[in-house]
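Worksheet: the structure to be examined is printed underneath.
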Amino acid sequence: MANENSVADWAKKYKAGYGIQFPEGHVIRTWVRVLQFELGWKPNEGRSILDFGCGTGAHLAYFDGLGFEVSGVDVAQDAILRCKELFPDRQDRFVTISHAQNMEEVFSKNSFDLILANQSLYYLNDKELKACLAQMKSLLKPGGVLLASLMGPGHNYLNYVVDETDEGLKRIEANYRGHMASWINFVDSKEEMLSLFSDFNVLHLGWYDFVIREQEGSSFHYWMICQK
């Protein structure tokens, strides 16, 4: 099954020491330019964040430094174990979830001011993605914010498609990244992004892209900032 393969792929990566050490620039800029400047959020206001696909906790460490109560979920057990090492006094807030698990089985409704889904939602098929977004809306407090990225048109991974399903997933095998393999759900257009997040109040729909090594090509992602 495609989904099971994706979970196994990520388990191998984290076991081998994968994991970013610093928060991504677009996340930091969103905190400053949108959450602080536009919405008036300030550090140390007692807000809470859930990181969906938290990895080893780099973004949560950043928001912890801003006074957020941090929680995280990931399908990779090794990633969650490293989060628990990072936050030894809050181990119960980091949970290994099964693929496409209903998060309302783990957290209560109206629990979070902010949900971050950075480079994680596109491992879900069409049905799972819609269900996950509905769960996130339920978990957000009224006025809570969702930050989410999805791979968009022109992303270089589209040059490495070897298989696909009728549920929106494409199998990517990119040999230039140590035989990186995953199932990815790409978004074709800005209109598709707006449709996916139509149950939210869209504040901004932006994008980011970069090329580090020429042979890797575009890293185009849509960046959704929306509110319950």
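The values are calculated or read from the model by the stated rules, or taken from the named source; none is laboratory data. Here the structure is a predicted model, which means the values were calculated and not measured. Reconstructed Cβ throughout: ideal geometry from the backbone, glycine too, with neighbour counts over all protein chains shown.
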Hey, residue 87 at pLDDT 95 or above and within 17 Å of residue 147 (Cβ to Cβ) or not | no
Please enumerate the residues belonging to the stretch 178-228 that are in a helix (DSSP H, G or I) and closer than 19 Å to residue 154 by Cβ.
-> 190, 191, 192, 193, 194, 196, 214, 215, 216
Would you check which residues across the stretch 178-197 are surrounded by fewer than 15 Cβ atoms within 10 Å (Cβ to Cβ) and touching a Phe, Trp or Tyr at 6+ places or on another chain (Cβ under 8 Å) and list them?
-> 190
Those residues that are at pLDDT 85 or above and in a helix (DSSP H, G or I), I need them from the stretch 1-57; list them, please.
-> 25, 26, 27, 28, 29, 30, 31, 32, 33, 34, 35, 36
Total residues in the stretch 58-68, condition under 14 Å from residue 91 (Cβ atoms) and not in a helix (DSSP H, G or I) | 0
